[in-house]
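The structure appears right after this line, and notes come after that.
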Amino acid sequence: MSHTPLDPSSHEAVNHYIGQAADIIDLSDEVRRSLSTPSRELAVQVPVRLDNGELQILHGFRVQHNDSRGPYKGGIRYHPSVDLNEVRALASLMTWKTALVDLPFGGAKGGIEVDPTVMSVYEVERMTRRFTLMVADQLGPYRDIPAPDVNTDAQVMAWIMDEFSDINGYSPAVVTGKPLALGGAPGRESATGLGCVFVLEAFLEANHLDLIGKRVAIQGFGNVGRHMAWELFRRGAKVTAVSDVSGGVFNPGGLDIPQLSDHVRSGKLLNTADEGDHVTNDQLLGLGCDILAPAALGEVITGANAASINARVVLEAANYPVTPSGDVALRERGVTVIPDVLANAGGVTGSYFEWTQNIQQFTWKVERFNSELRDRLVTAFTDVNSFAKLHDCSLREAAYAIGLQRVSEATKLRGYLSGA
Ligand code: NAD
């Protein structure tokens, strides 16, 4: 997504957030400079023969930001807005996220600049296999482990695993978010949305508030948004608005989330749903609510529209939904932002559980998965909340600072900066 004139590019913006946190923990200039730059960037050509015989040449990327704490880890996105700058920003976010939840992973991200929603399943499969081939020598269960992101799912992960395994032998742990029949973990699909709810519950409890009856508006009704809406609905929160790429629906009394989930699962968009009033995505952001959860694309709340946000809390379920100018404007208005690296960390935490089960060849029941997910996220929230109180800073600054401390310690211990 293109950035507004008020903000730097997404990678510069993430580096801005790194700089803010680095000031708080007094990080040396050397370490700062190293952690503001990815370790490795792959830009590859992805030729795809379309069903009509035409050849399309696409651009694909895999950016590996930092692996001092473990193998690179991060999703693969298929979207027309994907470019190297955005992938760099998202790869860096993964480094801080995995460190914050204390997982033995680093950070990476990948993607292809394409709109897969207009392609046939055969075209998407050919594209995925070719992309995998082009980056395969940098992937591996102990090297770099992709996962689903926008417009990629368990089927796409299955093709990546199959292509990688053709070259390297059976390797289920090379990707996470796989189908259950191929080593996927029960619980992984809902882990990001459920994780958002665990983090929100921890936040509300720390502020002596209750989730029941809280009005929540969610932008994005895909993997993250749909599971989050469902878990909130089950717990008695009022999900008053949800949207997808076509627009959204709004009911101040609370939407029927099971019905809307069925509607979307049957392949339909929300603009054809027979529920509540129809709203645009911009209108949804400005609706009066207790919690606003952007769960679609990045850079949706900026200095240009922050004044119209009518929520007390913004829960960053998507990656980088609030730009630096938006962040400042929300803070000035007293809106608390629960940052992406904490809010949506349930996804990579669930991926860690799947990876662990794959390499141990030992499966967990979903109850264990969800209970360990909750433990890890509540611990991360408590760490962030305590740090923020101690240093009188925002939750974002605290989350980045904790991630930076952990990564810089590992980086130093491994001698990355010895210059040898
Ligand atoms: P998805 O492809 O499953 O769903 C995306 C949703 O956003 C869909 O409902 C789509 O219609 C909607 N959307 C697309 N363009 C839009 C637009 N311009 N305006 C409004 N809505 C639009 O993707 P997802 O996996 O749910 O990911 C959503 C966000 O969460 C991304 O920022 C992603 O990086 C982040 N995230 C995902 C995971 C994961 O495990 N899937 C983990 C952490 C973070």
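The values are calculated or read from the model by the stated rules, or taken from the named source; none is laboratory data. Computed from a prediction, not measured in an experiment: that's the story for all the values here. Positions of Cβ are backbone-derived with ideal geometry, glycine not excepted, and every protein chain shown enters the neighbour counts. Calculation scope for accessible area: heavy atoms of the full protein, side chains included, ligands and nucleic acids excluded. Shrake-Rupley method; radii C 1.70, N 1.55, O 1.52, S 1.80 Å.
Ranked by the mean number of other Cβ atoms within 10 Å per residue, highest first, peptides 411-417, 34-40, 14-20 order as 14-20, 34-40, 411-417. Out of every Cα pair in the chain, what percent are spaced more than 28 Å from each other? Everything past 28 Å amounts to 45 percent. The residues of the range 41-124 expose on average 32 square angstrom of accessible surface per residue, using a 1.4 Å probe on protein heavy atoms. When only the Cβ of Lys, Arg, Asp and Glu is charged (+1, +1, -1, -1), the dipole of the range 37-173 relative to its Cα centre reaches about 420 debye.
Would you work out the Kirkwood radius for the range 254-400? I mean one over the mean of 1/r across all pairs of different Cα atoms, in Å. Result for the range 254-400 stands at 17.5 Å. Its DSSP H runs of at least 4 residues, each contributing -39,500 (n - 2.57), put the calculated 222 nm mean residue ellipticity of the chain at -14500 deg cm²/dmol, to the nearest 500. Need one number: % antiparallel among DSSP beta bridges in the range 191-338, to the nearest 5. Roughly 30 percent of the beta bridges in the range 191-338 run antiparallel, per DSSP. Our estimate of slack between residue 115 and residue 50, defined as 0.36 nm per intervening residue step minus the Cα-Cα distance, is 22.1 nm.
A simple packing score, the average count of other Cβ atoms within 10 Å per residue, orders the peptides 358-365, 211-218, 372-379 as 211-218, 372-379, 358-365, with the highest score first. Think of the range 82-128 as having a plus end and a minus end, set by charges on the Cβ of Lys, Arg, Asp and Glu; of 84, 96, 114, 96 sits farthest toward the positive end of this dipole. For residue 268, the aspartates and glutamates whose Cα falls under 18 Å of its own Cα, not counting residues fewer than eight places away in the same chain, are 115, 153, 244, 256, 277.
Protein heavy-atom surface of the range 187-292, 1.4 angstrom probe: 49% of the accessible area is carbon and sulfur, with nucleic acids and ligands not counted. In this structure, residue 375 and residue 269 have a Cβ-Cβ separation that, at R0 = 45 Å, corresponds to a calculated FRET efficiency of about 0.75.
Placing unit charges on the Cβ atoms of the charged side chains and taking the dipole of the range 184-281 about its Cα centre, the candidate lying farthest along the positive direction among 271, 246, 229 is 229.
Kindly identify the range 321-420 as rounded, prolate or oblate by the Cα gyration tensor criterion: order the square roots of the eigenvalues as a ≥ b ≥ c, call it rounded if a/c is under 1.5, otherwise compare a/b with b/c, prolate if a/b is larger, else oblate. Verdict is oblate for the range 321-420.
Take the alpha carbon gyration tensor of the range 284-333, find the square roots of its eigenvalues, order them as a ≥ b ≥ c, and report rounded if a/c is under 1.5; if not, report prolate when a/b exceeds b/c, else oblate. The shape class here is oblate. Cross-link partners for residue 412 among the aspartates and glutamates, with Cα-Cα distance under 14 Å and sequence neighbours closer than 8 places in the same chain left out: 29, 30, 67. Give me the distance in nm between label points sitting 7 Å out from Cα along the Cα-to-Cβ direction at residue 366 and residue 390, one decimal. Each label point is offset 7 Å from its Cα along the Cβ direction, giving 3.8 nm. Rounded to the nearest angstrom and listed largest first, the equivalent-ellipsoid semi-axes of the range 191-338 from its Cα gyration tensor are 22, 18, 13. Near residue 238, once Lys and Arg are set to +1 and Asp and Glu to -1 for all other residues with Cβ below 11 Å from its Cβ, the sum equals +2. Structural descriptor for the range 37-173: relative contact order 28 percent, calculated from alpha carbon pairs under 8 angstrom and at least 6 residues apart. For Cα pairs less than 8 Å apart in space and 6+ apart in sequence, what is the mean separation divided by the residue count of the range 191-338, i.e. the relative contact order in percent? Taking the mean separation of contacting Cα pairs over the length of the range 191-338, I get 21 percent.
Among beta bridges from DSSP that stay inside the range 1-122, the antiparallel ones total about 80%. Each Cα pair under 8 Å and six or more residues apart adds its separation to the average, and for the chain the resulting relative contact order is 17 percent. Under the membrane-span-like helix rule (DSSP H runs whose alpha carbons stretch at least 15 Å along the helix axis, mean Kyte-Doolittle hydropathy 1.0 or higher), the chain yields none.
With both residues required to sit in the chain, DSSP beta bridges show an antiparallel share near 50%.
Loop-resident GluC sites (Glu not before Pro) (DSSP state other than H, G, I, E or B) in the range 14-96 with no more than 12 further Cβ atoms inside 10 Å of their Cβ: 54. With the simple spin-label model, which puts each label point 7 Å out from Cα in the Cβ direction, the residue 165 to residue 142 separation comes to 2.1 nm. For the chain, the dipole from Cβ point charges (+1 on Lys and Arg, -1 on Asp and Glu) about the Cα centre works out to 720 debye, to the nearest 20.
Among 52, 159, 142, which residue has its Cα furthest toward the positive end of the charge dipole of the range 37-173, with +1 on Lys/Arg Cβ and -1 on Asp/Glu Cβ? Highest projection toward the positive end goes to 142.
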